[in-house]
Structures are given as structure tokens and as C-alpha cells.
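Data first, discussion second: the structure below is written as C-alpha cells.
The values are calculated or read from the model by the stated rules, or taken from the named source; none is laboratory data. No experiment lies behind these values; they were computed from the predicted model shown. Cβ sites come from the backbone with ideal geometry, for glycine too, and all protein chains shown count toward neighbours.
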Amino acid sequence: MSARGDTGTYIKRPNRPLQIYAVIFLIVLYVPVLFIPMFSFNDSIYVRFPLQGFTLQWYAELWSRDAVWAALFNSVKVGAVVAAISTILGVVAARAITRYRIPGKSALVTFIMMPLVIPGIIFGVALLVLLSRMGVPLSLYTVTLGHLIVCLPFAVATLLPRFEGFDPSMEEASADLGENGWWTFWRVTFPMVFPGVVASLLLTFTISFDEFIMAFFLTGTDATLPMYIWGQLRFPQEFPSVLALSSLILFISFILVFIAQRVGRMGLEDA
Amino acid sequence: MKNDAFISIRNVNKYFGSFQAIDNVNMDIGEGEFFSLLGASGCGKTTLLRMLAGFESTSDGEILIDGQPSADVPPHHRPVNMVFQSYAIFPHLNVADNIAYGLRKHKLSKPQKQEMVDEMLELIKLPGYGKRKANELSGGQRQRIALARALILKPKVLLLDEPLGALDKQLREQMQLELRALQRQVGITFVFVTHDQEEALTLSDRIAVMSGGKVLQVDTPEGLYEAPKTREVASFIGNMNFFQGTVRRNGSSEAAIETQGLGSIPISLEKVTKPDGAPVQVALRPEKFELLEEEPTGGHFVSAKMDKTAYLGERSHYYVTLDGKSEPVAVSSTNQFVARDDDRWKEGEPVWLSWSPEAVVVLDAD
Ligand SMILES: Nc1ncnc2c1ncn2[C@@H]1O[C@H](COP(=O)(O)OP(=O)(O)O)[C@@H](O)[C@H]1O
Ligand SMILES: [Mg+2]
């Protein structure tokens, strides 16, 4: 008990240089991003210093624009479907990877994780070529397909630690104590993997919601939000409302990923 | 075969693919018995236990529990409960909910459940632990929770798969005593798996010694120790000295075994069934020998030479060499009357080795 506590404090002892490095890292990473919400409240059509004054005008303008609502609705539709499908596939994959003796298991995991490191543009072009060869018209369905490829590795990566920590004798213990398959799933399996499922849903939804490259290649006539923003960049007078829209997306994404992280680690800490 | 057997295992085989994990096992386990499966890792103990629990099917043969064939009964309908090697405590539930897990179908009121859980916590000596989270518990505590979770259902048989294997030595010895006391208290049949022969000897009413999927011998701890039936069992339980020998029968009333190293040993006729001239092995435990300084005046003895000594505090181990036997003979004796260093045996000294023919075990030759 005390031995464990001791090593814990040793490892968790604050490390000055590392802290400074982390702070600089975060500043470099996020300060440019913070300019976006800053200028979205700026009472000027031009993005330049000095700031002119505070306004909610650009947000109000967004609110009244039908195309924004349509794009938002498209993104939510695609995001929800992608989140559901990739999480279901992720559960199946994570369960298979952790539970059964599969030959070439590590090769399989690498294969599933591949889209994380292959540039989206390659997948985008490849899918575009394939789909147009097959004569499939571009639509939100093709965007969904592209997003599934991008999101599946994230789903698997989120769910794997859950299933790895899942001792198969848990389910047997439940059966042993008199519960059939359905009750065992409901009382043991589900509660134990539930936080992972929620985290995966939130994370994959966010990734799909923000995704641009796949959407760029695979969108037909219905634009997703990032595509809509891209379209608006051609018009300088629209730029402040693009900033406002981007700020909203930023905010929502941050919240979702934050929740996903918290939920995803629930109960895993000292298990 | 006993008729009051509570569990009957009949001609059971188990194959995983072409690998045979259980090889024609036959045994009966009585009601209220503390029965152990003892054997080295990989000999099929867990597999046999999982077949009793219903997690594995039998490839061949049948298992009767309380007189009922069990082949088609799924785990959740069997009157047996298991304590898993990993304990399998549910991490998302607190201690009380873990213990009460199996009570859902019993349709009890909340206070009734509470009372049963408290009773169990009392029984496993963890009163007041109900609200603790599962991951705040030590190994020994988890082990007790796993016990309570099974015992609260009042099973007819409790299966325990190396439940003390993960605990350190001191805690393990304490838990052995508690487990034995608990079993007496609740009177449930325990089928206990272990690879630790001392643990099996301490706890069990009867022990099945397993090796390579086979059951070598089923007997009481005393029976296994004093009258092993094969060389494998004899050397698995404790230490044993083996001597090659030949049966000598003169007439029908007495027999003797001519051994290499111990000379001729008279043996009662019920111990030897072999004909005159048959090769056998004679086995004697190290503590059945007595070391003497002077040549004894009677009984059975040979002269020997002290080869190696090892002082272990309470007792000492010795290796002595005999004429006519190449390997040294292990001898063990207590240090009860040995106080000073110069009382002890010195290496290289001549000694006398005496034994009683009653302690001799006769085994088939290899
Ligand atoms: N599900 C399984 N598939 C294949 N082989 C198995 C399986 N379960 C056990 N075995 C094999 O059966 C043998 C006995 O295993 P087990 O009963 O777990 O041994 P023990 O509990 O005595 O250590 C081992 O060689 C093991 O590898
Ligand atoms: Mg085992």
C-alpha cells in the first residue's frame, strides 16, 4: 500500500522544465486559433489590428442565413450516422481483437489504424476515383463513407483500452451467479464499456463534423459546414461571419472532445 | 464407488482441437467434502473445474451433479458457484452490490437483501465494507468478496480455482485456515484447485492428484503421503527415496524384498501382489529413517556415510551414501534434542541408518 503510494508520488513529482515546455507548446499551438473568436467579435469587416470594438453582428447575420442552417443540418446528419456506424464497428473490432486468438492480430490492428497516418488527400482522391468509376453520384452518402474511414481508427483507439481491461471471466462470473446472456450484457458488459462507447460517439461525431478534405473530394450538391466555410472564403465581405461560424464550431468541438476524454477514462484510472 | 456421491464424473474426456486436456477422468465427490484437484500448471485442473461449472462441455462421458446429468444445463442454472482465479469482481459495482449480484431473481425486499449482505460481510470478516469501491480493495479482500458473492446464493457446490494463488505467503496461510473454517461452518461441498501440495494437504478431506489430463490417485492427504500408488504421486507429494528391489517369496506366509542399498526387507503379504523374482521399487520418506551413531542392536539398519548436511532450524536435511546405491539417500530429522553445534552430524562421518518395515511403500518397477 505504502510502496504503491511512494512510487506514485515519485512519478507524479512536478518536473519544472517539462511544465515550461508544455506551456510554450500549448501557446504556439493555440494562440493563432484564438485570433478567430477574437476577430469574430470585432466590429470591422477587415481582419487587422487595432480591434474596432465589440459586436455580435456577425453572429446575428449567421443566424438569419438559410444556407448556414442547411449546411449545419447536413453536418449533423453525416456526423450522427458516422458516429453510430464507426462506434458499432469499433465495438465489434475491439471485442474481436481483445477476445479471440486471431492469427496476425497486430497486423490487423496496424491495418485498422492506418488511416491515422495516411494523408486524407490520398484517401479522398482514391475514393473519388473509385466512386466515379463505379458511377456512384457524389452526395452526403459518399461523404459519410469517407468520414467512416477517417473515424474508425479513432473509434477503435478509444474503445480498445476499455475492452483490454475487460476480463472475460467477468461475463462468466455473471452467468455463474445466475444471469443469462441478456442480463449479463445489461448488468456487466454494457456498464463496463458504456463510457468508452459514449467517448467514441462524441469523438467520431466531432471529427466528422470538422472534417474538410474528404468532404472536399466527395461532396455533391449538399455542403457540410466546413465546405460551406470554404465556399464563403471567396467573398471578402463574408469573412467576419466565416470567423463567427468557425468560432462556434471550435467551441462545440472543444466541448465535445473534452467530455469524450473525461467520460472515456471514467473508471479506468486505478482499475 | 460411493453411492452418496454428490458429483460423479464418469469417463470424462476433453479435447481442444486435437489436444486432449482431460483424459478419461473418473471420480466421485461426496456431499460436504473439501475436495482438492492438485497438479502442476497445465495439467487440466481449470478445465475440469470449468466443466463442472458449465463453461466447457465434455467431449465424452458425463458429469452428474446431485444425481442429475448436467450436460444440457447452462452455467446460470447449475447449483454450483465458482470463485475465479482472477476473482472477477465487477469494477463498476461497490462491494455490497457485488455480493448481492446473484440475488436479483430471488425477489427480495431491500432490507432483506441488505441483511443478507451484512451477514456475508460478517462471515468474511469485512463488516462495514459494503460501500467501498471494488478497486479500493487488496487482493485478499477481493478474494473474500468473490467468496461471499458465491456463498450468498447458498450453492450446493463451491468451485475455487487457485483462489489463494495471487496472495503472498503469510496472507495465504492465514486464508487457508479461514477457508477451512468457513467450509466447516457453511457445510458446502468445496472443489478446490491448487498446484501447491502443502496447501492441498492442509485443507482437503480428499485430494485428486492430476498430471497430463489424467487423475493419478484420489485419496486422503494421509493416504497420498503414506501410501502413494505410483512413483509419480510419491515424488509429487513431499520427498521420497526410491530403491530398486526384487520380490522374494519363500512359501506363502511371508515375503521379502531384496533391495539395492537396504538389504532384505520383510514385507507383509498384502503389500506385495507380485510373484517371486518380480522387479519392484521400494520407497521410503526421508523422515522415516533414523540416524544413529552406534550400530543398533536390533531392527532394520545399514551402515552409511554422511555426505551433506543442511541445517534448517527446526529440522535438518541430510544426504547419506549407501553401499550398493549410486544416488545419495535423503534423510530428514528434527533438531528437537540438538542444542549445540558439536551435537550435529559431520560430513564424511560413518553413521547408521535404521527404519521400520511398516513405513516402506512398495511400487511397481518403472
Ligand atoms: N480454450 C482452450 N483452447 C485450447 N487449449 C486450452 C484451452 N483451455 C485450456 N487449454 C489447454 O489445456 C491444458 C490444461 O489447461 P488448464 O486446465 O487451464 O490447466 P491448469 O488449470 O491445470 O493449469 C493446457 O495445456 C492449456 O493450454
Ligand atoms: Mg488453472
- Those residues of the stretch B:44-68 which are in a loop (DSSP other than H, G, I, E, B) and near ligand 2 (Cβ under 9 Å from one of its atoms), in sequence order: B:Gly44
- Test result for B:Ser8, within 16 Å of ligand 2 (Cβ to nearest atom), under 20 Å from B:Arg206 (Cα atoms) and not in a loop (DSSP other than H, G, I, E, B): no
- So B:Phe16 clears everything in (1) within 16 Å of ligand 2 (Cβ to nearest atom); (2) surrounded by 15 or more Cβ atoms within 10 Å (Cβ to Cβ) except one condition, right? Which one? (2)
- Note on the structure: Looking across the stretch B:69-99 at residues that are more than 12 Å from A:Leu177 (Cα to Cα) and outside any loop (DSSP other than H, G, I, E, B), the single one that is farthest from the other protein chains (Cβ to nearest Cβ) is B:Pro69
- Query: Do we find a residue being of a type outside the set (Phe, Trp, Tyr), within 14 Å of another protein chain (Cβ to nearest Cβ) and either within 15 Å of ligand 1 (Cβ to nearest atom) or under 18 Å from the mean Cα position of the chain (by Cα) (or both) anywhere in the stretch B:17-25?
  - Reply: yes
- Hits in the stretch A:85-122 (condition: closer than 25 Å to A:Leu201 by Cβ and without any contact (Cβ under 8 Å) to a residue 12 or more places away in the chain): A:Ile88, A:Val92, A:Ala96, A:Tyr100, A:Leu108, A:Thr110, A:Phe111, A:Val117, A:Ile118
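Residues checked against (1) within 30 Å of B:Gln185 (Cβ to Cβ); (2) modelled with pLDDT of 95 or more:
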{"site": "B:Ser18", "(1), (2)": "no, no"}
{"site": "B:Phe34", "(1), (2)": "yes, yes"}
{"site": "B:Leu37", "(1), (2)": "yes, yes"}
{"site": "B:Ala40", "(1), (2)": "no, no"}
{"site": "B:Ala53", "(1), (2)": "yes, no"}
{"site": "B:Thr58", "(1), (2)": "no, no"}
{"site": "B:Gly61", "(1), (2)": "no, no"}
{"site": "B:Gly67", "(1), (2)": "yes, no"}
- Message: Suppose we keep only residues that are in contact with a Leu (Cβ under 7 Å, 6 or more places away or on another chain) and within 16 Å of ligand 2 (Cβ to nearest atom) within the stretch B:28-43. Which one would you say is farthest from the other protein chains (Cβ to nearest Cβ)?
- Response: B:Ser36
- Item | Test: B:Gly299 is at positive phi and over 33 Å from the mean Cα position of the chain (by Cα) | yes
- Task: Those residues that are among the aliphatic types (A, V, I, L, M) and assigned to a strand (DSSP E or B), I need them from the stretch B:11-43; list them, please.
- Result: B:Val12, B:Ala21, B:Ile22, B:Val25, B:Met27, B:Ile29, B:Leu37, B:Leu38
- Item | Matching entry among B:Met120, B:Met116 (being over 29 Å from the mean Cα position of the chain (by Cα), more than 16 Å from ligand 2 (Cβ to nearest atom) and either touching a residue at least 60 places away in the same chain (Cβ under 8 Å) or not in a loop (DSSP other than H, G, I, E, B) (or both)) | B:Met116
- Query: Counting only residues that are of a type in the set (S, T, N, Q) and surrounded by 20 or more Cβ atoms within 10 Å (Cβ to Cβ), which one in the stretch A:233-253 is farthest from A:Ala70 (Cα to Cα)?
  - Reply: A:Ser247
- Filtering the stretch B:123-163 down to residues that are of a type in the set (A, V, I, L, M) and part of a helix (DSSP H, G or I), which residue is nearest to B:Gln85 (Cα to Cα)? B:Ala146
- Message: Would you confirm, using the coordinates I've provided, whether A:Phe154 is touching a Lys or Arg at 6+ places or on another chain (Cβ under 9 Å) and either at pLDDT below 90 or closer than 29 Å to A:Val109 by Cβ (or both)?
- Response: no
- Query: What number of residues in the stretch A:134-175 are more than 14 Å from chain B (Cβ to nearest Cβ), under 28 Å from A:Ala260 (Cβ atoms) and free of Cβ contacts under 8 Å to residues at least 40 places away in the same chain?
  - Reply: 1
- Within the stretch B:189-198, tally of residues that are more than 14 Å from ligand 2 (Cβ to nearest atom) and not β-branched (Val, Ile, Thr): 3
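Any residue at all in the stretch B:215-235 that's at positive phi and either touching a strand residue (DSSP E or B) at 6+ places or on another chain (Cβ under 6 Å) or surrounded by fewer than 18 Cβ atoms within 10 Å (Cβ to Cβ) (or both)?
no
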- Going by the structure shown, is A:Asp210 buried (at least 18 other Cβ atoms within 10 Å of the Cβ) and within 14 Å of chain B (Cβ to nearest Cβ)? no
- Message: Can you say whether B:Ile188 is within 16 Å of ligand 1 (Cβ to nearest atom) and either closer than 22 Å to B:Asp28 by Cα or surrounded by fewer than 20 Cβ atoms within 10 Å (Cβ to Cβ) (or both), as far as the supplied structure shows?
- Response: no
- Message: One residue is enough: does the stretch A:180-192 have a residue meeting the conditions within 11 Å of chain B (Cβ to nearest Cβ), outside any helix (DSSP H, G or I) and not hydrophobic (A, V, I, L, M, F, W, C)?
- Response: yes
- Selection over the stretch B:155-168 where residues are more than 14 Å from ligand 1 (Cβ to nearest atom), more than 14 Å from B:Ile124 (Cβ to Cβ) and within 12 Å of chain A (Cβ to nearest Cβ) yields a count of 2
